[in-house]
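Chemist: Dumping the structure here so I can ask a few things about it.
The values are calculated or read from the model by the stated rules, or taken from the named source; none is laboratory data. These numbers come from a predicted model, not from an experiment. Neighbour counts are summed over all protein chains in view; Cβ atoms, including those assigned to glycine, are modelled from backbone coordinates with ideal geometry.
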Amino acid sequence: MRITKYIHSCLLLEEAGHKLLFDPGKFSFIEGRVKPELFGDVNAIAISHEHPDHVDVDALKQIVGQSRATVIANSQVAARLQTEGIAVQSLETGPQEVGGFTIQAIPAQHEPILAGELPQNTAYLVNGRILNPGDSFQPSLLAYAGVELLILPVMAPWLTELAVYEFARKIQPQQVIPVHDGYSKDFFLKLRYTNYDSYLSKLNIKFHPLMEPGASIMV
């Protein structure tokens, strides 16, 4: 499987001719370095929660209009997108075959933030190999300890470097792709990636510093 990062939390998974897109949010498109038409042939799109850095409604309309992809999301995201004329397949919990992938939805509370209420956040396990927690480090996700690849938020108002390290230590994946860092300057991102790599390598966790839009790995 090829996994490509397109700024912040936007990831494209490709396997056996099928394409699954995660969280195409505003941070990915705002500078014009990534454009919605790049994803005109995806088969499925998964949204973790309704925050704009995880779903750009205008970009999503363009992507779905071109690709006719199946959009999956929790009920809160589905309700919002349906008011925008975007058809959504609500997936709250459990596995489902979508766009050539087996996707298991896992309810996982969004981490505390300075807001009136927290959005409904859904983590996803793809093909039993890749765990994408969205914006959650909840203890319930430790049920997936030992997963092959963890999509790991590394910067956010709701976390610290120590929290990132501790979550990775507990999950103990074989590999990590850092996400949720689209607002960081490149020079700072390089420093943070180097620091995370130095500590995670001591846990025998491979850290993939995908920084440039379109950087990818094979797993």
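Chemist: Looking at ALA168, ALA123, ALA156, can you tell me which residue is in a strand (DSSP E or B), surrounded by 16 or more Cβ atoms within 10 Å (Cβ to Cβ), under 18 Å from the mean Cα position of the chain (by Cα) and of a type outside the set (Lys, Arg)? Please lay out each step first, then the result.
Modeler: Working: ALA168 fails: in a strand (DSSP E or B); ALA156 fails: in a strand (DSSP E or B).
Answer to the check: ALA123.
Chemist: Of the residues SER75, SER136, SER90, SER140, which is without any contact (Cβ under 8 Å) to a residue 60 or more places away in the chain, of a type in the set (Ser, Thr, Tyr) and in contact with a helix residue (DSSP H, G or I) (Cβ under 7 Å, 6 or more places away or on another chain)?
Modeler: Result of the check over SER75, SER136, SER90, SER140: SER90.
Chemist: Taking the stretch 109-138 as the region of interest, how many residues are small (Gly, Ala, Ser) and under 17 Å from LEU150 (Cα atoms)?
Modeler: Looking only at that region, the number is 4.
Chemist: Please go through the stretch 94-107 and pick out each residue that is farther than 14 Å from HIS49 by Cα and either touching a Pro at 6+ places or on another chain (Cβ under 8 Å) or of a type outside the set (A, V, I, L, M, F, W, C) (or both).
Modeler: Within the stretch 94-107, GLY94, PRO95, GLN96, GLU97, GLY99, GLY100, THR102, ILE103, GLN104 qualify.
Chemist: For the stretch 13-47, what are the residues that are of a type outside the set (Phe, Trp, Tyr), part of a strand (DSSP E or B) and touching a residue at least 40 places away in the same chain (Cβ under 8 Å)?
Modeler: Once the filter is applied, which keeps residues that are of a type outside the set (Phe, Trp, Tyr), part of a strand (DSSP E or B) and touching a residue at least 40 places away in the same chain (Cβ under 8 Å), the stretch 13-47 yields LEU13, GLU15, HIS18, LYS19, LEU20, LEU21, ALA44, ALA46.
Chemist: Is there a residue being modelled with pLDDT under 95 and within 19 Å of PRO52 (Cβ to Cβ) anywhere in the stretch 130-144?
Modeler: We begin by selecting, within the stretch 130-144, every residue modelled with pLDDT under 95; these are none.
No, that holds for no residue.
Chemist: Within the stretch 151-168, work out how many residues are touching a residue at least 40 places away in the same chain (Cβ under 8 Å) and aliphatic (A, V, I, L, M).
Modeler: The first filter runs over the stretch 151-168 and keeps only residues touching a residue at least 40 places away in the same chain (Cβ under 8 Å), leaving 151, 153-154, 156-159.
Within this subset, residues satisfying the condition of being aliphatic (A, V, I, L, M) are 151, 154, 156, 159.
Here the count works out to 4.
Chemist: If GLU50 meets every condition in (1) in a loop (DSSP other than H, G, I, E, B); (2) in contact with a helix residue (DSSP H, G or I) (Cβ under 7 Å, 6 or more places away or on another chain); (3) surrounded by 23 or more Cβ atoms within 10 Å (Cβ to Cβ) apart from one, which number is that one?
Modeler: (3)
Chemist: Let me ask another. If I go through the stretch 86-108 residue by residue, how many of them are closer than 17 Å to ILE151 by Cα and either part of a loop (DSSP other than H, G, I, E, B) or in contact with a Phe, Trp or Tyr (Cβ under 8 Å, 6 or more places away or on another chain) (or both)?
Modeler: Within the stretch 86-108, residues that are closer than 17 Å to ILE151 by Cα and either part of a loop (DSSP other than H, G, I, E, B) or in contact with a Phe, Trp or Tyr (Cβ under 8 Å, 6 or more places away or on another chain) (or both) number 5.
Chemist: Going through the stretch 14-26 one residue at a time, which ones are among the aliphatic types (A, V, I, L, M) and surrounded by fewer than 24 Cβ atoms within 10 Å (Cβ to Cβ)? Even if it seems obvious, please write down each step before you answer.
Modeler: Step one: list which residues in the stretch 14-26 are among the aliphatic types (A, V, I, L, M), which gives 16, 20-21.
Within the stretch 14-26, ALA16 is the sole residue that qualifies.
Chemist: Return yes or no: is TYR193 of a type in the set (Phe, Trp, Tyr) and either modelled with pLDDT of 95 or more or assigned to a helix (DSSP H, G or I) (or both)?
Modeler: yes
Chemist: How many residues are in contact with a helix residue (DSSP H, G or I) (Cβ under 7 Å, 6 or more places away or on another chain) and charged (D, E, K, R) if we restrict to the stretch 53-72?
Modeler: Total satisfying the criteria: 2.
Chemist: LYS5 fails exactly one of the following numbered conditions: (1) within 26 Å of LYS185 (Cβ to Cβ); (2) touching a strand residue (DSSP E or B) at 6+ places or on another chain (Cβ under 6 Å); (3) surrounded by fewer than 20 Cβ atoms within 10 Å (Cβ to Cβ). What is the number of that condition?
Modeler: Of the numbered conditions (1) within 26 Å of LYS185 (Cβ to Cβ); (2) touching a strand residue (DSSP E or B) at 6+ places or on another chain (Cβ under 6 Å); (3) surrounded by fewer than 20 Cβ atoms within 10 Å (Cβ to Cβ), the odd one out for LYS5 is (3).
Chemist: Let me ask something additional. Quickly run through the stretch 54-85 and pick out the residues that are surrounded by 21 or more Cβ atoms within 10 Å (Cβ to Cβ) and assigned to a loop (DSSP other than H, G, I, E, B).
Modeler: HIS54, VAL55, ASP56, ALA69, ASN74
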